Amino acid sequence: TKESVKTGFFTLLSLSLYTVYVGVATRVFRLFKCAKVGPAGEETWYLTADYTVECFAGEWNATAGLAYVCMVVFVVGIPLGQFLALWTNRRWIDERKCTTAEHLRKHLHTKLKYGSIFEAYTAESYYFDLIDLLRRLVLTGGLIMVGGGENAVAQVFLGILVCALWLCLVLHRKPYASTWDN
C-alpha cells in the first residue's frame, strides 16, 4: 500500500542516515582543522588533512561555505529532524499508554515509521538514540577539532571524559529496554 511504501522509505532513510552520519560529519569537521605553518610573523594556515590547501583563502572559502551549509543541514538538521519526529509522536511511543484501538493503531504506525530510532530504549528514554548520536559525534568530530600535535593529551582526556560521562549516564538512567544492555 501507499502507507507501507512510506513506512519502508522512512525506515530505509533512518538506517542510511544512521550509517553515514558520523562519517560525513567527521569529514565536515576536518575541513575546519587548520594549522599554522612557517616562520614567526609569516605563518600561513594550511588544512591539516591536505597541506596543499591554504585555509581562509581561495578555493577553501568556497568549500567552507558548502561545509557550513552541510553542518547546518546534516550535522544539526538530521538529529533535530529525528527529535522533532519523535517529540511530535511521543504520546504514541509507549504501547502501555494506548487505551483505545485508535491509540494502538497510532502506536503501531509510529513504531513502524520511527521504531528504528526508539525501539531499543524504554518508553521514558525514547530520545536516547539521539544522545548516543551526539556522543559519537563528539568522539569523532570533537576529537578532530581538539586533538593533534601538542593537544594529544587534551584529545585523550576529552575522549575519556565523554566515555566516562556516557557510562555514568547509562548506569544512572538505564535507558535500554534490555536489562543486559544497561
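Read the figures in this text as sums done on the coordinates, not as results from a lab. Model, not experiment: these values are computed from the prediction. Positions of Cβ are generated from backbone atoms using ideal geometry, with glycine treated the same way; all protein chains shown enter the neighbour counts.
Using only side-chain charges placed at the Cβ, +1 for Lys and Arg and -1 for Asp and Glu, the dipole size of the chain relative to its Cα centre rounds to 900 debye. Using only alpha carbon pairs under 8 Å that are at least six residues apart, calculate the relative contact order of the chain and give it in whole percent. Dividing the mean separation by the residue count of the chain yields 22 percent. Quick check: from the Cα gyration tensor, does region 64-168 come out rounded (a/c under 1.5), prolate or oblate? It comes out oblate by the Cα gyration axes. With the convex hull drawn over the C-alpha atoms of region 1-72, the volume per residue is 99 Å³.
Using the Cα gyration tensor of region 126-168, with a ≥ b ≥ c the square roots of its eigenvalues, what is the shape: rounded (a/c below 1.5), prolate (a/b larger than b/c) or oblate (neither)? Verdict is oblate for region 126-168.
Once the GluC sites (Glu not before Pro) in DSSP loops with at most 12 neighbouring Cβ atoms within 10 Å are cut out of the chain, the longest remaining piece is 44-118.
Helix 2-30 and the longest principal axis of the C-alpha atoms of the chain enclose an angle of approximately 20°. On a straight-distance basis, which lysines could pair with residue 2 in a cross-link, Cα separation under 16 angstrom, same-chain partners fewer than 8 positions away excluded? Partners found: 113. Listed by chain and number, the aspartates and glutamates whose C-alpha is less than 19 Å from the C-alpha of residue 36, apart from same-chain residues fewer than 8 away, are 50, 54, 59, 150. Rounded to the nearest 10 degrees, the inclination of helix 59-70 to the longest alpha-carbon principal axis of the chain is 20 degrees.
Report the full-extension gain for the segment residue 153 to residue 169: residue separation times 0.36 nm, less the Cα-Cα distance, to one decimal in nm. Please list the in-between numbers first.
Values: separation 16, 0.36 × 16 = 5.76 nm, distance 2.41 nm.
Gain on stretching residue 153 to residue 169: 3.4 nm.
How would you classify region 70-112 from its alpha-carbon gyration tensor, with a ≥ b ≥ c the square roots of the eigenvalues: rounded for a/c under 1.5, else prolate if a/b is greater than b/c, otherwise oblate?
Details: a/c = 4.87, a/b = 3.63, b/c = 1.34.
Note, shape of region 70-112 comes out prolate.
Report which label in [x] 1.32; [y] 1.02; [z] 1.11 holds the value of Cα Rg over 2.2 N^0.38 Å derived from the coordinates of this structure. Matching entry in [x] 1.32; [y] 1.02; [z] 1.11: [x].
Of all the options 65, 142, 77, the one that moves most in a Gaussian network model of the chain with Cα springs shorter than 10 angstrom is 65. Where only DSSP H runs of four or more residues are counted, the chain gives -19500 deg cm²/dmol as its mean residue ellipticity at 222 nm, each run worth -39500 (n - 2.57).
Given the pairs 111/174; 6/97; 6/33, which span a C-alpha to C-alpha distance of over 28 angstrom in this model?
Numbers: 111/174 21 Å; 6/97 25 Å; 6/33 40 Å.
Table pairs above 28 Å Cα-Cα are 6/33.
One Cα centroid belongs to region 152-182, the other to region 1-77; the line between them spans 26 Å.
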